[in-house]
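Any read-out appearing in this document is the output of simple, stated calculations on the displayed coordinates, not a laboratory observation. Worth saying up front: this structure is predicted, and the values here are computed from it rather than measured. Positions of Cβ are generated from backbone atoms using ideal geometry, with glycine treated the same way; all protein chains shown enter the neighbour counts.
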Amino acid sequence: MDKSKIHPTLHVGSPNIGNRERFLRYVDEMFDRRWLTNRGTLVLEFEKRLAEYIGTKHCITTCNGTKGLEIAARALDLTGEVILPSFTFVATAHALQWQGIKPVFCDIDRDTYCIDPTQIERHITPETTGIVGVHLFSRPCDTQALQSIADKYGLKLLFDAAHAFGCSHHGQMIGNFGDCEVFSFHATKFFNSFEGGAIATNNDELAEKIRLMQDFGFREMDEVVHLGTNGKMTEVCAAMGLTNMDEIDSCRETNKRNYCAYKEGLAHIPGIKLIEYAPNELSNWHYAVVEVGDEYPLSRDELMIKLHEQNILARRYFWPGCHQMEPYKSAMEKVTVNLPTTKKVANRVLGLPMGNSITGDDIQRILLEMSI
Ligand code: T4K
């Protein structure tokens, strides 16, 4: 029997979709203008609103977060080796490797799952040019510690902020840290533009370089002044982004309500620990990630299979860690890899369905399946 007929499928990355009429109005106007891409009206308006929202001088849109990371890495002149966590989506590593930069994997902090600043210095060599911190599952890195290390060794500091749009750290919006920060607006993210991304920075010179690079290096018609690529966002994506901007606060509230429902229910299940968000900071509450501990009667993978059998598509993001994926795994075959916290966390975490389509009843159904 088709199980989706008994229970609808619940996804981790179910998209948040704003007001359809407003979106269609934007699209209608776009067709009237006959301007579909190449820094059109909607992209320019979207960039202005993004920069206002996060309080940065610049926020340059890109076609996706991965391209944003690639462009940011090039604009920062990263070469040689760059230190990053292994416990992240593989795009963080691929964006470096794709342009011949060697990703050097560092262990993570046991509490935040973000790169552990105390482990970074041992990876620094004469080839190191930068550090990439990832604000994993919406929880910020220790930005101050990372900045101190970057300053001490003259390294560039880039943040992969794919998960952290709409979050603050020490009272400041994510987007304002390091040399620049890169967001993803993929469909599965808290805030989406179908596909898309943006690079936020307060550095005028860097912003100018990024703008040139994402449009083939064009300054004026026929005038190419820099090496560039095609990293542009389309107008229809900007229309989705603008539509969803009006719903940010209500999405945040729904996520918070869902997170709190999980927290209350999971408190009664021994061996299951939900990640915590800092109480005095703004969060997008988009990730209900649990650690499955020894006290729980099932392993993480057994729990995942059990949930999948009930159409609850929990995901073991980001197992097994980038260093266990190709091409990094083969490249590191002869090297001793010592990432004990990454290994432990990657073997225990499970992301539960979140997003605005998930209801309180859905969460009760998930909790019931998890209560053994
Ligand atoms: N850095 C970090 C830390 C990231 O997490 C990501 C992306 C990036 C960089 C790169 O940013 P982008 O270049 O993607 O902008 C998904 C996403 O494709 C990816 O954007 C995301 N991270 C990653 C964590 O998740 P998959 O391969 O897991 O996607 P998929 O197709 O399995 O979908 C995930 C879940 O979402 C499924 O349960 C189905 C559901 N879903 C998905 C889509 C697209 C829906 O319900 N509706 C949808 O439209 O990578």
Review point. If you scan region 115-137, which residues turn out to be in a loop (DSSP other than H, G, I, E, B) and either among the aliphatic types (A, V, I, L, M) or within 11 Å of the ligand (Cβ to nearest atom) (or both)?
Key: Ile120, Ile124, His135
Exercise for review: Tell me which residues, restricted to region 87-104, are under 13 Å from Pro327 (Cα atoms) and touching a residue at least 60 places away in the same chain (Cβ under 8 Å).
Suggested key: Val90, Ala91, Ala93, Gln97, Pro103
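Counting only residues that are crowded, with 20+ Cβ neighbours inside 10 Å and more than 12 Å from the ligand (Cβ to nearest atom), which one in region 278-299 is nearest to Lys344 (Cα to Cα)?
The residue in question is Val292.
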Review point. For region 4-78, list the helices (runs of 4 or more DSSP H) that sit wholly inside it and hold at least 1 residues that are of a type in the set (Ser, Thr, Tyr) and within 24 Å of the chain's Cα centre (by Cα); which are they?
Key: 41-54, 65-75
Exercise for review: Examine region 165-182 for a residue that is touching a Leu at 6+ places or on another chain (Cβ under 6 Å), away from the ligand (no atom under 13 Å from the Cβ), of a type in the set (S, T, N, Q) and part of a strand (DSSP E or B), and state whether such a residue exists.
Suggested key: yes
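Regarding region 121-128, can at least one residue be identified that is surrounded by 19 or more Cβ atoms within 10 Å (Cβ to Cβ), under 20 Å from the mean Cα position of the chain (by Cα) and touching a residue at least 24 places away in the same chain (Cβ under 8 Å)?
The answer is no, given that none of the residues of region 121-128 is surrounded by 19 or more Cβ atoms within 10 Å (Cβ to Cβ), under 20 Å from the mean Cα position of the chain (by Cα) and touching a residue at least 24 places away in the same chain (Cβ under 8 Å).
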Point to revise | Matching entry among Leu84, Leu36, Leu76, Leu44 (being among the hydrophobic types (A, V, I, L, M, F, W, C), touching a residue at least 12 places away in the same chain (Cβ under 8 Å) and within 18 Å of Met240 (Cβ to Cβ)) | key: Leu36
Practice item. Keeping to region 183-213, report how many residues are crowded, with 18+ Cβ neighbours inside 10 Å and more than 14 Å from the ligand (Cβ to nearest atom). Key: 9
Practice item. Kindly provide the set of residues from region 213-250 that are without any contact (Cβ under 8 Å) to a residue 60 or more places away in the chain, under 25 Å from Ile54 (Cβ atoms) and among the charged types (D, E, K, R), ordered by number. Key: Asp249
Check your understanding: Among the residues of region 82-103, how many are outside any helix (DSSP H, G or I), surrounded by fewer than 21 Cβ atoms within 10 Å (Cβ to Cβ) and in contact with a helix residue (DSSP H, G or I) (Cβ under 8 Å, 6 or more places away or on another chain)?
Key -> 4
Review point. How many residues are in a strand (DSSP E or B) and either among the hydroxyl-bearing types (Ser, Thr, Tyr) or within 19 Å of Asp109 (Cβ to Cβ) (or both) when one looks only at region 254-280?
Key: 2
